[in-house]
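For reference, the structure discussed in these notes is given below.
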Amino acid sequence: KNQVEQSPQSLIILEGKNCTLQCNYTVSPFSNLRWYKQDTGRGPVSLTIMTFSENTKSNGRYTATLDADTKQSSLHITASQLSDSASYICVVSDRGSTLGRLYFGRGTQLTVWP
Amino acid sequence: EADIYQTPRYLVIGTGKKITLECSQTMGHDKMYWYQQDPGMELHLIHYSYGVNSTEKGDLSSESTVSRIRTEHFPLTLESARPSHTSQYLCASTTLREGGDQETQYFGPGTRLLVL
């Protein structure tokens, strides 16, 4: 069964600290993996997208890694800010159909405290 | 910021009413999607469209219907709202490119629906 599991479910950190969010997937075949940031009451916004051949991709203070062999990805946030408080969603795309179906994780709810 | 809009943002309505959630995008995207998301849960695809006059049901069974008469517009309709329809509804769009592995979905702000 194609699944995307994220951990932790929720995380609280102090402003300025770093944190790492995890994503494990069983989706096969695999096309790409995306990380989205979803602020409360808003739609998700894309942070990074990685294909099979990419191991690391950065977007400002966000760095995503991908290990396609172990089917794991992580999102590292450096020097957290209050505005980083949001849900971070891992999304995996397959190529098993013309739709290129997306599988969504439930997200990690990050809270940054001052 | 993506040019994709949803109205209304919030809607409280009584059981049995007919409602239409609006979604429009000005990016000229061919593909459009409707997702349903409950608090703390993953997004579930309920409808999608590859272009004008193309609509398909998604993975999650839904009593809603959609139409795609114009490229930029993808409204979702519930003929008779029920409390079980209470949820957040997110609209998204993306380009349809040949072998588009890297296409990014742009999401609207969502509509929070509460059916009493």
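Every number here is computed from the coordinates shown, using simple stated rules; none is lab data. Quantities reported herein were computed from a predicted structural model and do not represent experimental measurements. Counting neighbours? That spans all protein chains shown, and the Cβs are built from the backbone with ideal geometry, glycine included.
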**Report entry** Against the rule of thumb 2.2 N^0.38 Å, how large the Cα Rg of chain B comes out
**Finding:** 1.02
Query raised in the report: Gaussian network model of chain B, Cα springs within a sub-10 Å range: biggest mean-square fluctuation belongs to which of B:72, B:63, B:42?
Result: B:42
Report task. For residue A:17, list the lysines whose Cα falls under 30 Å from its own Cα; do not include residues on the same chain fewer than 8 positions away. Result -> A:37, A:57, A:71
Report task. Work out, step by step, the length gained on full extension between residue A:14 and residue A:113: first 0.36 nm times the residue separation, then minus their alpha carbon distance; give nm to one decimal. Result -> 35.2 nm
**Report entry** Spin-label model distance (nm) - residue A:7 vs residue B:65, 7 Å beyond Cα toward Cβ
**Finding:** 4.6 nm
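For region A:14-91, what ratio Rg/Rh do Cα atoms give with a Kirkwood hydrodynamic radius?
0.97
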Query raised in the report: What does the charge dipole of region A:35-80 about its Cα centre add up to, to the nearest 20 debye, if the Cβ of each Lys and Arg holds +1 and the Cβ of each Asp and Glu holds -1?
Result: 200 debye
Requested in this report: Find the relative contact order for region A:1-54 and round it to a whole percent, using C-alpha pairs within less than 8 Å whose residues are 6+ positions apart.
Outcome: 30 percent
Requested in this report: Averaged over every viewing direction, what's the projected area of the C-alpha convex hull for the protein assembly as shown? Give it in nm², one decimal, please.
Outcome: 12.5 nm²
**Report entry** Positive-pole candidate from B:48, B:34, B:21, dipole of region B:7-58, charges at beta carbon
**Finding:** B:21
Query raised in the report: Going by a 4.7 Å Cβ-Cβ cut-off, which cysteines of the protein assembly as shown have no partner at all?
Result: A:19
Query raised in the report: Treating the beta-carbon of each Lys and Arg as +1 and of each Asp and Glu as -1, no other charges, what is the dipole magnitude of the protein assembly as shown about its Cα centre, to the nearest 20 debye?
Result: 380 debye
